[in-house]
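Novice: Pasting in a structure now, in structure tokens, and then I'll have a few things to ask.
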Amino acid sequence: MQIELLNDQGQSASKVDAQDTVFGRAYNEDLVHQIVVAYQANARQGTRQQKDRAEVKHSTKKPFRQKGTGNARAGMTSSPIWRGGGRAFPNSPEENFSQKVNKKMYRAGMAVILSQLVRDGRLSVVDSMKVDSPKTKGLAAKFKAMNLDSVLVITDEVDENLYLASRNLGNVLVVEPRYVDPLSLVYYKKVLVTKPALDKLQEMFA
């Protein structure tokens, strides 16, 4: 598998060899869907709170006599079938939404996503991604010259200048290989990988 190498103007300069085990896998939609959903679910927090029948404010008095009214029997107004009663299965902040994905499946899924990005022309390699000063304007101009408006940059090391210059760009994310996630790979229109980061990705997902 060969991946295009871009110059500073965003033009294809040459090709870079890459491992087929990471960048040449066949597409597996079910696997990609599973690891993306699992990633989102594992990042989800329990922020909902509802009351059960023990927590609602109510009287323990029997609302009406047992027989002769024609109504169903009722012991107290906190029953879930009563208006103002507690919920039968209330949501709780301790709710756990996590989904388990084993390491082998995760590595395979990430390799499938990277392979499909290469086939779609959305993943390219650059020699390096460094800026001379921590100015957002300079980095924005660099991406504009490369005709990129939504980009994920994977670099072997995020220096301070690059971090400060990119943090105010809403359509740009700069990460190291160890922090790459399936959702970001799918979300951004273009993925730029530096040569040293390319080697690390191959070590991680081969």
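Novice: Per-residue HN-Hα couplings for the stretch 51-58, Karplus 6.51 cos²θ - 1.76 cosθ + 1.60 at θ = phi - 60°, whole Hz, x for Gly and Pro?
Specialist: Karplus-based 3J(HN,Hα) across the stretch 51-58 equals 9, 8, 5, 7, 9, 6, 7, 7 Hz.
Novice: Given points 7 Å out from each Cα along the Cα-Cβ axis, report the Lys137 to Tyr187 separation in nanometres with one decimal.
Specialist: It works out to 2.8 nm between the two label points.
Novice: As I understand it, the dipole of the chain uses +1 on the Cβ of Lys and Arg and -1 on the Cβ of Asp and Glu, about the Cα centre. Which of Gln99, Leu117, Leu152 lies farthest toward its positive end?
Specialist: Final value for the positive-end residue is Gln99.
Novice: Assigning unit charges at the beta carbon (Lys, Arg +1; Asp, Glu -1) and nothing else, what dipole magnitude in debye, to the nearest 20, does the chain show about its Cα centre?
Specialist: Once rounded to the nearest 20, the dipole reads 2020 debye.
Novice: Looking at Gln49, Leu185, Gln9, which one has the Cα that reaches farthest to the positive end of the dipole of the chain (charges on Cβ: Lys, Arg +1; Asp, Glu -1)?
Specialist: So the residue furthest toward the plus end is Gln49.
Novice: Based solely on its DSSP helices, what 222 nm [θ] is calculated for the chain when runs of n ≥ 4 H residues each add -39,500 (n - 2.57) and the sum is averaged over all residues, nearest 500 deg cm²/dmol?
Specialist: It comes out at -10000 deg cm²/dmol, rounded to the nearest 500.
Novice: For the chain, restrict the atom set to alpha-carbon positions and state the Rg and Dmax in Å.
Specialist: Taking only Cα atoms of the chain, I get Rg and Dmax of 26.6, 90 Å.
Novice: Count the net charge of all other residues whose Cβ sits under 10 Å from the Cβ of Ala88, scoring Lys and Arg as +1 and Asp and Glu as -1.
Specialist: It works out to a net charge of +1.
Novice: Return the carbon/sulfur percentage of the accessible area of the stretch 118-206, one whole number, probe 1.4 Å, all protein chains in place.
Specialist: Percent of accessible area from carbon and sulfur atoms in the stretch 118-206: 47.
Novice: So which of Lys103/Lys142; Lys100/Lys200; Lys100/Lys130; Lys15/Lys142; Lys51/Lys103; Lys15/Lys144 end up more than 31 Å apart, counting from Cα to Cα?
Specialist: Lys103/Lys142; Lys100/Lys130; Lys51/Lys103
Novice: Still on this structure: Which FRET efficiency value, to the nearest 0.05, do you get for Lys51 and Asn28 by plugging their Cβ-Cβ distance into 1/(1 + (r/R0)^6) with R0 = 30 Å?
Specialist: Calculated value: 0.10.
Novice: Taking all pairs of distinct Cα atoms, average 1/r, flip it, and tell me the Kirkwood hydrodynamic radius of the stretch 1-86 in Å to one decimal place.
Specialist: Result for the stretch 1-86 stands at 19.8 Å.
Novice: Tally Lys and Arg at +1 and Asp and Glu at -1 over the other residues with C-beta under 15 Å from the C-beta of Arg25: what net charge comes out?
Specialist: Result for the neighbourhood of Arg25: -1.
Novice: Per residue, how much accessible area does the chain have with a 1.4 Å probe, in Å²?
Specialist: Accessible area per residue, the chain: 63 Å².
Novice: Considering only the other residues whose Cβ falls under 15 Å of the Cβ of Asp132, what net charge follows from Lys and Arg at +1 and Asp and Glu at -1?
Specialist: +1
The values are calculated or read from the model by the stated rules, or taken from the named source; none is laboratory data. Everything numeric here is computed off the predicted structure, so don't read it as measured data. With ideal geometry, Cβ positions are generated from the backbone for all residues, glycine too; neighbour counts draw on all protein chains shown. With ligands, DNA and RNA removed, areas are computed over all heavy atoms of the protein, side chains included. Shrake-Rupley method; radii C 1.70, N 1.55, O 1.52, S 1.80 Å.
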